[in-house]
Amino acid sequence: MPDSQPQPHSSGPSGSSGSSGSSGSSGDDDASALLLCGARLTDGRTVDVRLGSGRIEAVGTAGSLTAHTARVDLGGYLLLPAAAEPHAHSDTALSADAEGPVSYELADVQRRTTEAALLQLGHGATALRSHVRIGDVPGLTSMEAVLQARRSLRGLVDLAAVAVPRLLTGVAGADGLAMLRDAVKMGASVVGGCPDLDPDPTGYVEAVLEVAAEHGCPVDLHTDGSDPARLGRLAAMAGGLRPGVTIGPCGGLGRLPSDVAARTAEQLAAAGVTVVCLPQGGCGSVDRRGAVAPVRLLRAAGVRVAAGSGALRDVSNPVGRGDPLEAAYLLASRCGLRPEDAYGTVSSAARAAMGLPQVRVEAGFPAELLAVRGDHLAGALSLAYSRVVVHRGRVVARTSAVREYCDSAAAVALDLPRQGRSKGSGPGRATGAEPS
């Protein structure tokens, strides 16, 4: 019998209400239904998972779910809630190798944004939040390009744009403030920026919060976090603001005396401010390579900590991967987080920071899933090469890695693990419906 059946509920996973009833014919008759077979969960169970209408319809022990629908064999894979990317810079992504100045022509930014989003989708991020510079050379062109890319990517990956003006105070900031409001009217869903670069950082934050309150937008600010007094003022101003305030990468917090950092973390926690760290490197606005926010201290104080990728092969990090599993791996290996907590920073915490509904591998939750080859999370973070990505209930990306060794008596004698090419359609490829 299925372990998890959809139940009627009005306050379950946010988004839309879960399907009601039991495993009747509704899932079988759904043309969009998909059955994921033989996947392993982090609790050790091997299960089948039926998807339909963009949600998880049922979860049952392997072999217990039957449906006249397409199937995906996930034997040998670990099934997880999909990752999300809370801190991308798609307007500058993939520009490190550009000859001469980086182009901010609409077509070039749209191409970079689209390619970067697809790369990150392949890594397992089904939702992205991209910080987009406005003003200066790009004006609003980069924002327009990112919003066009968002429309073209609909159904593959969800992309939200953060408007990032350079200056917002004084005479020079008047244009930036007007442009910030225009960007929101165009479709930017988050307001942000870098107060550290403004002559009046507190005034900058006040201006951003004012625009956010006018339009009901979330706030996402870049800051190094090295000034505890400034962070305290930010927390006081942001406290209780809905739909929420996020800051990052806050590497400077790690350079403060531990008692000062702890007090600041408590202020951020009390204000409900989320911190997004960048364990893979910095970004153009706040480039402090090697400095990572004190993740364990922040978590101990009750701060929600998410992890992002930052620069993706631009001048700030020419080798940036944009891989959420690498970010989780670094938090586990460098910061001492348990693998489950490290992955949570790029999945549940990242989604919460972005205002997205919670995902669990349970009936009724959104079908935003990532399957990685392996049988436990620590191993997946270490060697997560092969991946299958599910967005809105369908497979949208596959990465298959094949490891082969030359014939060797030693390899045979030691029975070394091999990952061979799969037979038939291969992992992550849907096959036709089989008889019930």
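Overview of values
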| quantity | calculated |
| --- | --- |
| Region 155-285 - percent of accessible surface contributed by carbon and sulfur, probe 1.4 Å | 54 percent |
| Length added when fully stretched, Ala213-Ala229, from 0.36 nm per residue minus Cα-Cα | 3.4 nm |
| 3J(HN,Hα) from dihedral phi, region 124-131, Karplus parametrisation 6.51/-1.76/1.60, rounded to Hz, x for glycine, proline | x, 8, 8, 9, 10, 10, 10, 7 |
| Where only C-alpha atoms are counted, convex hull volume of region 19-159 per residue in Å³ | 142 Å³ |
| Residues with amide H under 5 Å from that of Val396, placed H, sequence gap 5 or more | Val389, Val390, His391 |
| ³J(HN,Hα), Karplus 6.51/-1.76/1.60, whole Hz, each residue of region 225-234, x for Gly, Pro | x, 8, 10, x, 5, 5, 5, x, 5, 4 |
| Antiparallel bridge percentage (DSSP; both residues within region 125-172; nearest 5) | 10 percent |
| For region 206-275 versus region 316-363, the gap between their alpha-carbon centres in whole angstrom | 20 Å |
| Descending semi-axes in Å of region 240-322, equivalent ellipsoid built from Cα gyration tensor | 24, 15, 9 |
| Cubic angstrom per residue, convex hull over Cα atoms of region 131-223 | 84 Å³ |
| Counting DSSP beta bridges with both ends in region 97-255, the antiparallel % (nearest 5) | 5 percent |
| Peptides ranked, highest mean first, by Cβ atoms within 10 Å: ranges 51-57, 365-371 | 365-371, 51-57 |
| Amide H within-cut-off set for Ala127, under 5 Å, with H built and near neighbours excluded | Glu85, Asp158 |
| In Hz, Karplus ³J(HN,Hα) per residue of region 255-260 (6.51, -1.76, 1.60; θ = phi - 60°; x = Gly, Pro) | 9, 7, x, 4, 5, 5 |
| Inter-label distance, nm, simple model (7 Å from Cα along the C-beta direction), Ala401/Asp375 | 1.9 nm |
| Evaluated at q = 0.10, 0.21 Å⁻¹: base-10 log I(q)/I(0), Debye formula over Cα of region 181-302 | -0.28, -1.21 |
| Semi-axis lengths, Å, region 120-172, gyration tensor of Cα atoms, sqrt of 5 times eigenvalues | 27, 11, 7 |
| Convex hull volume per residue in cubic angstrom - Cα atoms of region 76-143 | 92 Å³ |
| Rounded, prolate or oblate (a/c below 1.5 giving rounded, otherwise prolate when a/b exceeds b/c) for region 220-287 by Cα gyration tensor | oblate |
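The values are calculated or read from the model by the stated rules, or taken from the named source; none is laboratory data. Here the structure is a predicted model, which is why all the values come from computation and not from measurement. Neighbour counts are summed over all protein chains in view; Cβ atoms, including those assigned to glycine, are modelled from backbone coordinates with ideal geometry. Side chains are part of the model used for accessible areas, which takes the heavy atoms of the whole protein and leaves out ligands, DNA and RNA. Shrake-Rupley method; radii C 1.70, N 1.55, O 1.52, S 1.80 Å.
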